[in-house]
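Computed from the coordinates by the stated procedures, all read-outs in this text should not be read as laboratory data. Here the structure is a predicted model, which means the values were calculated and not measured. So basically every Cβ, Gly included, is an ideal-geometry build from the backbone, and we count neighbours across all protein chains shown.
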Amino acid sequence: MAESVTITDNRTGQSIEVPIVEGGVSASEWSKLLPGIWFYDPGFSTTAECESAITYIDGDAGILRYRGYPIEQLAEHSTYLEVAYLLLYGELPTAAQLGPWVDEITRHTYIHENMRKRFLDGFHYDAHPMGMLVSEVAALSTFYPEAKEIFDADLRHKQIVRLIAKMPTLAAAAHRFSVGMPFVYPDNSLTFPENFLSMMWKVAEPSFEAHPVLARAIDVLFILHADHEQNCSTTTMRVVGSAHADPYSACAAAAAALYGPRHGGANEAVLNMLTSIGTIDAVPDFVKSVKEGHGRLQGFGHRVYKNYDPRAKIVRDVAYQVFEVTGKNPLLDIALKLEEVALADEYFVSRKLYPNVDFYSGLIYQAMGFPVAIFPVLFAIPRTAGWLAHWVEMLDNKTKIARPRQLYSGSAERPYVAIGERG
Ligand code: SDX
């Protein structure tokens, strides 16, 4: 049996055989038979916009691998910076490679004083931290004009290091501004997660001591959120990057996509949902209202996973470790009851709606003291590594500028009407 499909244009009787390669068929082959006929696929539900070697997901089996390594093993044995290296360069770093990589990131955690003193102070007092982060990342492009040299290997590497290194600093700066606390400079004697927690929580103590369980929890959550193939924000990164915009502008666009409640804003929506449910007893009525079409079960469902999101299982295990230190988040019992009721209900089972990565992550962040508004920012920090890995792959594959077609459904030609004669 040939690994191919044959399409016949019934208007002409012409046929064409197109090979099936790595799970896809080439649209350009189809267009040889069907010039001017486009494949209509709003939301790209069945369209592969690229070929990628970075992350593999099997939605039905609930499998997630970064460069072939199972997410469960990376969450148990790796660190976020090691995973960032893996995503970007395709291999786990040797000790001789990891040391310099970590040192380079550590040395680029500072932001320009103008960003700290003038840019941040320009925001309204109650600016949303994610709106601030999107703006901060876009503003970075004005501090590093050499970032436009996207095909200069050394300059490209330097911007990649700067973005990965500065994201926690920008994130913490946005939070500190939101709560009226002074900016905390990076402490280069700390690890990546410890330094982030220091910039978030340090007050008057000489140096911040992160609880090892909480620092490890943040590192594991960063690993889990580092990449997820062609999600909305990563595809945005590739699309904007395909215009040869600088990486800061492309990352700002990706962060803007992640800001949406359907994407990175979901764990904030989960917390708001659990809070509005209020008690375990109110869960059945809430589920009933969702089934009647009143809103969605936030943190449930996924375009790809039609099984349990493998990350959600790991997040739930991390939650129990964190609650040992912080005390249990009272919303956990409501979340567990919601999961129990939904997974036993035909409405959700028939639609293959399972908890995704966002269902439990918010509970951990809230227990650790993070305000709900900063949750999408916590997603953006690690996803920066994934965005950059896809950006590099897109450029190295010499990808053409993204320019899809459309099916036109508007007016036919019609003559201009003077204003006095308009109806
Ligand atoms: C992330 O792409 C990624 O990889 C994203 C991400 C990543 O790492 O980058 O994994 C991170 O964004 C996770 C998803 C976080 N979002 C949420 O939890 C928000 C709630 N989830 C939904 O909005 C929804 O499930 C989406 C957006 C996640 C997926 O939407 P799809 O695939 O387009 O699903 P759909 O809208 O076609 O839904 C299919 C059916 C519909 O019912 P019918 O119209 O067929 O009757 O399922 C229903 C939907 O109404 N449905 C839900 C639901 N999600 C889908 N019903 C109730 N609650 C939900 N959460």
On Cα atoms only, tilt of 375-396 relative to the major axis of the chain in degrees: 50
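If the chain between residue 142 and residue 113 were fully stretched, how many nm would it gain, using 0.36 nm times the residue separation less the Cα-Cα distance? Walk me through the numbers before you get to the answer.
On the way: separation 29, 0.36 × 29 = 10.44 nm, distance 1.36 nm.
In short, 9.1 nm is gained.
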Computed FRET value (nearest 0.05) for residue 3 with residue 40, which takes r as the C-beta separation and R₀ as 25 Å: 0.45
Extreme residue, positive dipole direction of the stretch 71-398, given options 228, 144, 260 (C-beta unit charges): 260
Of 148/202; 158/400; 288/313; 306/400, pairs whose Cα-Cα distance is over 29 Å: 148/202; 306/400
Assigned charges on the beta-carbon of Lys, Arg, Asp, Glu; the stretch 173-331 dipole about Cα centre (debye): 540
Calculated FRET efficiency for the pair residue 421/residue 32, C-beta based, R₀ 45 Å, to 0.05: 0.40
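Per residue of the chain, what 222 nm ellipticity follows from adding -39500 (n - 2.57) for every DSSP H run with n ≥ 4, rounded to the nearest 500?
For the chain, the value works out to -15500 deg cm²/dmol.
Relative contact order for the chain: what percent, with Cα pairs under 8 Å and sequence separation of 6 or more? All intermediate terms of the calculation are to be shown ahead of the outcome.
Numbers: 566 pairs, mean separation 86.7, N = 423.
Worked out over the chain, it gives 20 percent.
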Signed unit charges on C-beta, dipole axis of the chain, positive-most listed residue 412, 167, 357: 412
Relative packing of peptides 146-156, 8-18 - highest average C-beta neighbours within 10 Å first: 146-156, 8-18
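How long are the three semi-axes of the equivalent ellipsoid of the stretch 121-177, in whole Å, if each is the root of 5 times an eigenvalue of the C-alpha gyration tensor, listed from largest down?
Details: eigenvalues 132, 26, 10 Å².
Rounded to whole Å, the semi-axes are 26, 11, 7.
Could you work out how much longer the chain between residue 414 and residue 60 gets when fully extended? Use 0.36 nm per residue separation minus the Cα distance between them, nm to one decimal.
Working: separation 354, 0.36 × 354 = 127.44 nm, distance 4.99 nm.
Result for the pair: 122.5 nm of gain on full extension.
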Span per principal axis, largest first, for the Cα atoms of the stretch 260-322 (Å): 29, 28, 22
Net charge dipole size for the chain [Lys, Arg +1 and Asp, Glu -1 on Cβ; Debye, nearest 20]: 960
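What is the magnitude of the charge dipole of the stretch 77-227 about its Cα centre, with +1 placed on the Cβ of each Lys and Arg, -1 on the Cβ of each Asp and Glu, and no other charges, expressed in debye to the nearest 20? Intermediate values should be presented prior to the final figure.
Numbers: 12 positive and 18 negative charges, 73 e Å.
The dipole of the stretch 77-227 has a size of about 360 debye.
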Nearest-0.05 FRET efficiency for residue 321 and residue 399, computed from C-beta distance (R0 41 Å): 0.50
